[in-house]
Every structure is written in structure tokens, then in C-alpha cells.
Amino acid sequence: MPVQLGLPRRRGAAGPVPLPGDRPAVAGLVDRQGRLATDLRVSLTDRCNLRCTYCMPPEGLDWLPASRLLSDDEVIRLVTVAVQRLGVTEVRFTGGEPLLRKGLEGIVAATAALRTVAGEAPETSLTTNALGLARRAEALAAAGLTRVNVSLDTLRAERFARITHRDRLHDVLAGLRAATAAGLGPVKVNTVLLRGVNDDEAPDLLRWALREGYQLRFIEQMPLEPHGAWDRSKMVDAQEVLDALRPHVILTEEAPGSRGAAPAETWRVQWDDDGTVRTGVVGIVASVTRPFCADCDRTRLTADGQVRDCLFATREHDLRGMLRDGASDEQLADAWRTAMWGKLPGHGIDDPAFARPTRPMSAIGG
């Protein structure tokens with residue numbers, strides 16, 4: 001009998017039918033709204049070797065002690081439960097900075113060797129700042145990594161140093177080139193525009209990405225920094241990004257509704273580069289102004305083994321404690337199902353009662 005991964009459907013219904021009350025007896029990570037989580041984000045560390053101004057203070061944060069972090073074997077076991085028992089088909093490793101995890105290649109290899117309930121290998125990707133990627137890209141590709149997302153907010157060395165408090169732009173660019181050479185494509189570049197800092201670079205970043213063959217994604221700044229300085233009125237939003245790009249390139253919006261559960265709205269791009277017509281795709285992740293909560297398919301695992309049902313969740317569910325107390329795989333899976341069943345309909349940023357997460361982005365995982 002095939003494994004049941006979704007909610008039952010009424011005849012003629014357009015999608016899953018939410019069930020009220022107690023969690024239904026289904027195998028997948030279903031919530032009360034009928035959403036099915038198949039995309040797992042795994043934070044491997046809360047540490048980072050950059051100090052981006054919108055993410056953490058220059059001196060860093062109080063890092064998690066090693067005893068609280070999941071070991072490589074514990075990470076692999078929980079990922080295995082997610083893929084083999086809970087219907088997860090995509091696994092993305094994040095941080096902090098996941099390249100700081102010494103056992104990363106082994107974790108990737110173990111994940112890539114898994115098979116979903118459909119008998120396929122899970123898509124295995126990485127979100128990174130690319131410091132150190134130049135020397136590890138080939139090994140990660142050999143381990144089974146399929147692609148990378150690289151965070152990069154500017155092409156100007158002095159701005160990079162100002163934003164990150166590190167003079168490492170050359171290392172990021174080398175990492176991007178190495179990722180392409182290793183076949184970790186499509187290489188996606190994630191950019192946060194900061195008002196008065198780099199918000200004049202949107203066209204330059206897009207033209208550079210088109211020349212290099214990268215897929216650029218602009219991401220609205222979210223209220224996930226530890227010092228509480230986020231101000232929506234100062235955020236560069238999706239419409240501003242589009243207004244900045246249109247005088248320089250031809251943008252054609254992808255068919256509405258075609259993105260599925262992907263967070264980015266995408267536009268086809270055409271640009272005349274001194275007689276060379278370059279084409280590509282640009283995306284905007286507008287979590288604040290154009291939320292996509294109704295289509296969310298993500299579940300999150302922090303570096304210390306906590307399940308989060310949303311990036312903005314204010315509660316967590318402890319799998320590390322269960323794992324270390326001897327829980328079986330099915331007990332872990334059932335606890336994970338229960339955690340996801342309680343997921344709220346949306347993040348509620350526009351609600352006056354919105355409560356910011358107690359953890360910053362670096363401790364949650366992107």
C-alpha cells in the first residue's frame with residue numbers, strides 16, 4: 001500500500017481539505033491548513049565568519065555550546081527520518097555558515113544516498129556566504145550536493161567590508177566561480193538591499209549575474225536581526241526593486257501561480273549588453289510585502305535539534321532531547337508531525353500583535 005502523505009480530498013476539491021481538531025493519522029508533515037511540508041531546512045551551526053549588519057553585531061553573538069549542537073550522526077538520523085518517514089523531498093543545509101561545519105561533506109553524502117518514499121534521491125542544496133567554497137566545491141559536488149545559494153549584497157569591495165565587517169569579497173567571487181565549475185547549478189545569488197547602503201546597486205548586480213550565468217534573487221529584509229533595529233518603513237521592498245530594474249532591462253513576469261511553493265516571484269530578463277542579448281531570470285522574495293504563507297512547504301531543524309514550523313515561529317519542539325533519551329525513529333517522526341500540525345496560517349508581520357522570534361536568523365537557519 002502506498003504511503004499516505006497528504007490530507008484526504010473531497011471529490012471535486014481543488015486541493016487538500018483542512019481537518020479541524022486533533023492531528024490526523026497521515027504520514028506526512030501536514031498542518032491544519034492542509035499544507036504539506038516537503039522542504040527541510042537544516043541549520044548546521046549558528047556561527048558565521050561574516051558580521052553582516054542586518055544579521056548580527058560586529059562582535060558576534062553568544063554561540064551555542066558544542067554539547068547542545070547535534071552531532072553529525074544525529075543530524076543524519078533526523079534527516080533520514082524526515083526523508084524516509086515524513087515525505088521530505090528537498091533538504092537544504094544552512095547556518096549561520098554551514099561551511100564552518102567540518103563534517104559537511106559527510107552529512108551531504110549521507111543525505112544524497114537516501115531515497116524518498118517515491119524512490120528518488122532528495123534534492124540536496126546549500127545556502128552559504130561562499131567563504132571557503134572555492135576549496136570545497138568539488139568535494140561537495142562529489143558528495144552529492146546539487147546546487148548552492150550564495151549570499152552577496154554588493155560588488156564593491158569597500159561596501160562589502162562595510163556591510164560584513166570583513167574584507168572578503170574576492171573570496172566570495174572565487175567561491176561562486178568554483179561552484180559553477182563544479183556543476184553546482186543553477187547557482188543562485190541572494191541579495192538584501194539596504195536603504196542608503198547598497199540600494200543603488202540593483203541594476204549592476206543583475207547585469208553582473210546575467211553575464212556570469214547566475215540567478216539573482218532580491219530578498220526583502222526581515223525582522224530577524226538580534227538587535228531589534230528592523231524598521232519596515234526603511235526596508236527596500238519588492239516594488240522598489242522592480243522600479244529600479246525596469247529602466248535598464250526588459251522584465252516579463254512569469255505566469256502568475258507558476259511558482260508553486262517557491263518563495264521567489266520570478267521575471268524573465270532580457271538585456272542588450274553592447275550588442276550581446278543576454279537573457280535570464282530574476283526573482284524577488286517578498287516575505288514582508290507579498291507573503292506566500294498559504295503555499296509554504298517548509299519545515300526547519302535548528303543546529304541544536306529544535307523543529308520550527310515557520311521562520312517567524314515563537315515556539316520550538318525539541319527532537320534532540322528525545323533522540324538522546326533513546327526515542328525510536330517512529331517516535332521522532334510522530335513528534336515532528338505533531339509540531340507541524342500546529343503551524344499558524346501565516347507569519348502575521350502585519351498584525352499589531354506580531355511577536356518577533358526570540359532567535360535571530362543566524363540561529364534559525366535561512
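Here, each number is a calculation from the coordinates, and none is a lab measurement. Quick caveat, the model's predicted, so the values are computed rather than measured. Cβ atoms come from the backbone with ideal geometry, glycine included; neighbour counts cover every protein chain shown.
The table below lists the values:
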| quantity | calculated |
| --- | --- |
| Shape metrics for the stretch 29-364, restricted to C-alpha atoms - Rg then Dmax, Å | 19.5, 65 |
| Cross-link reach list, lysines versus residue 188, counting only Cα pairs under 26 Å and skipping chain neighbours closer than eight places | 102, 234 |
| Simple Cβ-charge dipole of the stretch 164-220, Lys/Arg +1 and Asp/Glu -1, about Cα centre, in debye nearest 20 | 220 debye |
| Computed magnitude of the charge dipole of the stretch 29-364 (debye, nearest 20; Cβ of K, R +1, Cβ of D, E -1) | 400 debye |
| Residue (of 81, 255, 170) at the positive-pole extreme of the stretch 29-364, dipole from beta-carbon charges | 81 |
| Top positive-direction residue, dipole computed over the stretch 82-197 with Cβ charges, set 134, 151, 113 | 151 |
| Environment charge of residue 74, counting only residues whose C-beta is closer than 9 Å and scoring Lys/Arg +1, Asp/Glu -1 | +1 |
